[in-house]
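K.L.:
Once you've had a glance at the structure underneath, I'll fire off some questions.
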Amino acid sequence: MKKFPITPVHPERVCWGCDKYCPSDKLACGNGSERTQHPSELFGDDWMEPILPFNEKAGAGPASK
(Lines give C-alpha, C1' and ligand atoms only; values in the text may rest on other atoms or scores of the structure.)
Protein backbone atom coordinates (compact mmCIF):
# COMPACT_ATOMS: atom_id res chain seq x y z
CA MET A 1 0.00 0.00 0.00
CA LYS A 2 1.26 3.47 -0.88
CA LYS A 3 1.64 6.14 1.78
CA PHE A 4 -1.39 8.47 1.69
CA PRO A 5 -0.39 12.12 1.15
CA ILE A 6 -1.81 14.31 3.92
CA THR A 7 -1.47 17.65 2.13
CA PRO A 8 -1.00 17.14 -1.64
CA VAL A 9 -0.11 20.19 -3.73
CA HIS A 10 -2.86 19.67 -6.36
CA PRO A 11 -5.42 17.19 -4.99
CA GLU A 12 -7.84 17.99 -7.82
CA ARG A 13 -5.51 16.35 -10.37
CA VAL A 14 -5.67 12.86 -8.81
CA CYS A 15 -8.36 10.27 -8.06
CA TRP A 16 -8.01 9.17 -4.42
CA GLY A 17 -10.37 6.16 -4.62
CA CYS A 18 -7.73 3.41 -4.38
CA ASP A 19 -3.97 2.84 -4.08
CA LYS A 20 -3.33 3.64 -7.76
CA TYR A 21 -3.79 7.44 -7.39
CA CYS A 22 -4.54 7.81 -11.12
CA PRO A 23 -4.67 11.14 -12.95
CA SER A 24 -8.23 12.47 -12.89
CA ASP A 25 -8.73 11.72 -16.59
CA LYS A 26 -7.51 8.06 -16.54
CA LEU A 27 -9.36 6.24 -13.70
CA ALA A 28 -7.67 2.86 -14.30
CA CYS A 29 -9.44 0.96 -11.52
CA GLY A 30 -12.86 1.32 -13.15
CA ASN A 31 -14.31 2.26 -9.76
CA GLY A 32 -16.85 4.59 -11.31
CA SER A 33 -17.21 7.40 -13.78
CA GLU A 34 -15.83 10.23 -11.66
CA ARG A 35 -12.84 10.66 -9.42
CA THR A 36 -12.85 10.34 -5.65
CA GLN A 37 -11.96 13.62 -3.95
CA HIS A 38 -9.18 13.99 -1.40
CA PRO A 39 -10.43 14.58 2.18
CA SER A 40 -8.91 18.08 2.13
CA GLU A 41 -11.23 18.93 -0.77
CA LEU A 42 -14.26 17.65 1.12
CA PHE A 43 -13.52 18.77 4.69
CA GLY A 44 -10.95 21.57 4.35
CA ASP A 45 -7.25 21.81 5.12
CA ASP A 46 -7.72 20.86 8.78
CA TRP A 47 -9.32 17.49 7.96
CA MET A 48 -6.82 15.64 10.17
CA GLU A 49 -7.70 17.69 13.29
CA PRO A 50 -9.63 15.74 15.90
CA ILE A 51 -13.30 16.66 16.13
CA LEU A 52 -14.41 17.05 19.71
CA PRO A 53 -17.91 17.61 21.06
CA PHE A 54 -18.67 21.26 21.80
CA ASN A 55 -18.61 20.84 25.60
CA GLU A 56 -15.14 19.22 25.56
CA LYS A 57 -13.68 22.09 23.50
CA ALA A 58 -14.86 24.53 26.16
CA GLY A 59 -13.18 22.43 28.87
CA ALA A 60 -16.44 21.27 30.43
CA GLY A 61 -16.58 17.50 30.28
CA PRO A 62 -19.52 15.37 31.44
CA ALA A 63 -18.05 15.06 34.98
CA SER A 64 -17.86 18.83 35.58
CA LYS A 65 -21.56 19.44 36.35
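K.L.:
Between the DSSP loop rule and a limit of at most 16 other Cβ atoms within 10 Å, which trypsin sites (Lys or Arg not before Pro) in the stretch 17-49 are left?
P.N.:
K20, K26
K.L.:
Same structure, new question: Near D19, within a Cβ-to-Cβ distance under 14 Å, what is the net charge of the other residues, with Lys and Arg +1 and Asp and Glu -1?
P.N.:
+3
K.L.:
Provide the gained length on full extension for the span D46 to C22, in nm with one decimal, where the gain is 0.36 nm per separating residue minus the Cα-Cα distance.
P.N.:
Computed gain between D46 and C22 is 6.2 nm.
K.L.:
List the residues whose amide H sits under 5 Å from the amide H of V14, counting only those 5 or more places along or on another chain, with H placed 1.01 Å from N in the peptide plane.
P.N.:
S24
K.L.:
I've got another one for you. Can you work out ³J(HN,Hα) from phi for every residue in the stretch 14-23, in order, using Karplus 6.51 cos²θ - 1.76 cosθ + 1.60 and θ = phi - 60°, giving whole Hz and x for Gly and Pro?
P.N.:
10, 8, 9, x, 8, 7, 7, 6, 5, x
K.L.:
Another one. Just reorder D19, D25, D45 by solvent-accessible area, largest first, 1.4 Å probe, all chains present.
P.N.:
D45, D25, D19
The values are calculated or read from the model by the stated rules, or taken from the named source; none is laboratory data. This one's a predicted model, so the numbers in the text were calculated from it and none came from an experiment. Virtual Cβ from ideal backbone geometry, glycine too; neighbours counted across all protein chains shown. All accessible areas refer to the heavy atoms of the entire protein, side chains included, with ligands and DNA or RNA removed. Shrake-Rupley method; radii C 1.70, N 1.55, O 1.52, S 1.80 Å.
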